[in-house]
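Shown next, in structure tokens, is the structure this report addresses.
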Amino acid sequence: MKKTTFLTMIGILIVLSGSILAVNLRKSPHVNSQTFYTFGKDGQQNGFAFPALQYGYDALEPYIDKATVEIHYSKHHRAYFDKFLAAVKGTEMETMSLEAIFSAISKYPDAVRNNAGGFYNHTLYWENMAPKAGGLPGGNLAAAIDKSFGSFDKFKEQFGTAGKTKFASGWAWLILDKTGALQVTTTSNQDNPLMDIVDRRGTPLLALDVWEHAYYLKYQNKRADYVDAFWNLINWPEVQKRYDIALLKK
Ligand SMILES: [Fe+2]
């Protein structure tokens, strides 16, 4: 084969593979907890999207049972999402980021506060769990936990106590605050640490749902057992990713 023919064929292959990639990118609108949006052909945000669960309903067994995951995701989380869309329809919030909405949540109706929170918080919760997960964080996150709490065990105790003792419905969080330190905090109902109405603000890195709907079918009144089981499910690579992004945004 002549060298020029060979180079022409390589060129055609490169052009073809680029076109196929471009078509595939256009065909698959994406959504994750960093964006929460779908994107159109032009790459522009064209609406909020309900994120797919990245594992089966039974994948978190035996720590969280199949029925709880199915109802929690497909009914509770979905309802927050649908009510959020209804609450922002026709308002300036339709094209705002969730972060921007949360940072001014005090000026918006309770329907937005509750349902935007429910939509966002549950997305983080599902993504910061995974089957066959748990263990320990690594790298700079492990070092930051040691620096902020003294040790991983002390962090675990503080976070666990926060989840176990939070009165009524709410969330336990690990956050990165504006000073660069990690903190454990809790919020009530569907509030979260990005909202301008909470005492301790920061970027959420790890979220634990302690509403009864998160555990009651399997654990009934024994919330502490559910909180203890959570450590077997934590998706530390996802938490690490959030930490890295939060550091970049500072
Ligand atoms: Fe929940």
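At-a-glance table
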read-out	value
Violating pairs (Cα-Cα greater than 19 angstrom) within the set K132/K222; K66/K156; K154/K222; K66/K218; K66/K132; K66/K164	K132/K222; K66/K156; K154/K222; K66/K164
Amide H within-cut-off set for T91, under 5 Å, with H built and near neighbours excluded	none
Sequence-distant residues sharing a close amide H with G47 (under 5 Å, placed H)	T38
Dimensions (Å) - the chain, Cα atoms, principal axes, largest first	75, 44, 40
Computed over the chain: relative contact order in percent, which uses C-alpha pairs under 8 Å that are six or more apart	19 percent
Evaluated over region 169-250, the Cα radius of gyration and Dmax, each in Å	13.7, 41
Inter-part distance where region 209-250 and region 143-200 are each reduced to a Cα centre, Å	11 Å
Relative contact order (%) - criterion: Cα under 8 Å, at least six apart; region: region 67-200	25 percent
C-alpha long axis of helix 152-165 to longest principal axis of the chain, angle in °	70 degrees
Karplus (6.51, -1.76, 1.60) ³J(HN,Hα), θ = phi - 60°, over region 136-148, in Hz, Gly and Pro reported as x	10, x, x, x, 5, 5, 4, 5, 5, 5, 4, 5, 7
Over the chain: helical MRE at 222 nm, DSSP H runs n ≥ 4 each giving -39500 (n - 2.57), nearest 500	-14500 deg cm²/dmol
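We did not get these values from a lab; they are worked out from the coordinates using the rules stated. Because the structure is a prediction, the values reported are computed rather than measured.
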